[in-house]
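Colleague: Okay, here's the structure, questions in a sec.
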Amino acid sequence: MRRTGIMGALRWRSAPRAPSMARRPTTDRLLAPRTAALAAAVTSALAGDPGGVHQARVASRRLREVVPVVGGPAALVMRARRAVRDVTRALGPVRELDVSLLVYATVAASSPLSPAADTALRRLIVGRRATAMRIARAALTPARQARLWTALEALSQAMPDDRAARRRVVGARVTARAGRVQEALRHLGTMYSPERLHAVRIAVKQLRYALEVAGAVRWGATAAHRRDLRAAQDLLGQAHDLHVLGEFVREAATRLVTRSRAAARDLSRLARHIDGRCRRLHAAFAPKRRALERLAVRLSAPATPHVRTRNAA
């Protein structure tokens, strides 16, 4: 890759391509590969591919975590962050509906619905996905994608090559994200609360992405911490995904109650089954909570030399 202007790098067909960024160590390691991953995934996502939607969301989150770390003028950093955030938000509803269809396929294997109830639920979710996909495409037009790549290219050209400053920023972000995990856990309580459990999941996910960047800039050995956080995130994610599906099931039951009471009862039965599974996942998280709290406390300390060694746990 050579240093080129964004307009020379963009080629218009169905969508603009990502910029060809200047070849510099920080760009190569942090910004360029994440930008390329997002560009490839966005094209697939806007074509309607569920895998592309998921990959674009992941790539956008990873890029959002990198942009404040690479440095550069505040206005450029803010512009790039907002442009990448727009991708995350635009595709969020589509991804949630895709996950609901996947989770329903698993749930239906052990607790099948009647044909009428199954049709009603699938029609509801698929219809909502079609609407969400139209909204995402309207939010991520070729012109808006071009602004995204322009912002990232400008940032790549302007960012300083200051490793010490970059590590300080990473350390501050890890500290702040670990503090959010602590706060979310304090508000969780002991009773099952889908919203509070989801808040913990989001905080854990953000801390994991921050540690991913920390490892990339050689701030410290973070692999073990990220594995622990991923395990907690997966468990909490299962509970959230089931809860979202349960809300769709209840809505479908409400819609059917005047047309087919039997199908509505069947959907209500499934909703209760899902609620029970959510509560069991909450119970499974309880013994893991203390270890997560300890890790968050450890990482929220302003100075974190404990992650500098390869044997950090």
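FYI, it's all coordinate maths here, none of it is from the lab. Nothing here was measured: the structure is a model prediction, and the numbers come from that model. Cβ placement follows ideal geometry from the backbone for every residue including glycine, while neighbour counts extend to all protein chains displayed.
Colleague: Take Arg265 and Asp162, extend 7 Å from each Cα along the Cα→Cβ direction, and tell me the distance between the two endpoints in nm.
Modeller: Label-label distance for Arg265 and Asp162, simple model: 7.0 nm.
Colleague: Per-residue HN-Hα couplings for segment 243-251, Karplus 6.51 cos²θ - 1.76 cosθ + 1.60 at θ = phi - 60°, whole Hz, x for Gly and Pro?
Modeller: 4, 4, 4, x, 5, 5, 4, 5, 5
Colleague: Further question on the same structure: Could you calculate the contour length gain from Ala286 to Asp49, that is, 0.36 nm times the residue separation minus the distance between their Cα atoms, to one decimal place in nm?
Modeller: Gain on stretching Ala286 to Asp49: 81.7 nm.
Colleague: Using 10 Å bins from zero, what percent of all Cα-Cα pairs in segment 34-175 falls into each bin?
Modeller: Spelled out per bin, shortest first, that is 11, 34, 26, 17, 8, 3, 0.
Colleague: At 222 nm, what value in deg cm²/dmol follows for the chain if DSSP H runs of at least 4 each add -39500 (n - 2.57) and the sum is divided by all its residues, to the nearest 500?
Modeller: Theoretical 222 nm ellipticity from helices: -27000 deg cm²/dmol.
Colleague: Here is a further query. With +1 on each Lys and Arg Cβ and -1 on each Asp and Glu Cβ, how big is the dipole of the chain about its Cα centre, in debye rounded to the nearest 20?
Modeller: 500 debye
Colleague: 7 Å from Cα along Cα→Cβ at both Met191 and Val297: what's the point-to-point distance in nm?
Modeller: About 2.7 nm, to one decimal.
Colleague: Output the peptides 82-91, 68-77 sorted from most to least packed, where packing is the average of other Cβ atoms within 10 Å over each peptide's residues.
Modeller: 82-91, 68-77
Colleague: If amide hydrogens are placed 1.01 Å from N in the peptide plane, which non-local residues have theirs closer than 5 Å to the one on Ser300?
Modeller: Result for Ser300 returns nothing.
Colleague: Then there's this: Please report the orientation-averaged projected area of the chain, defined via the convex hull of its C-alpha atoms, in nm².
Modeller: Hull-based average projected area comes out at 17.6 nm².
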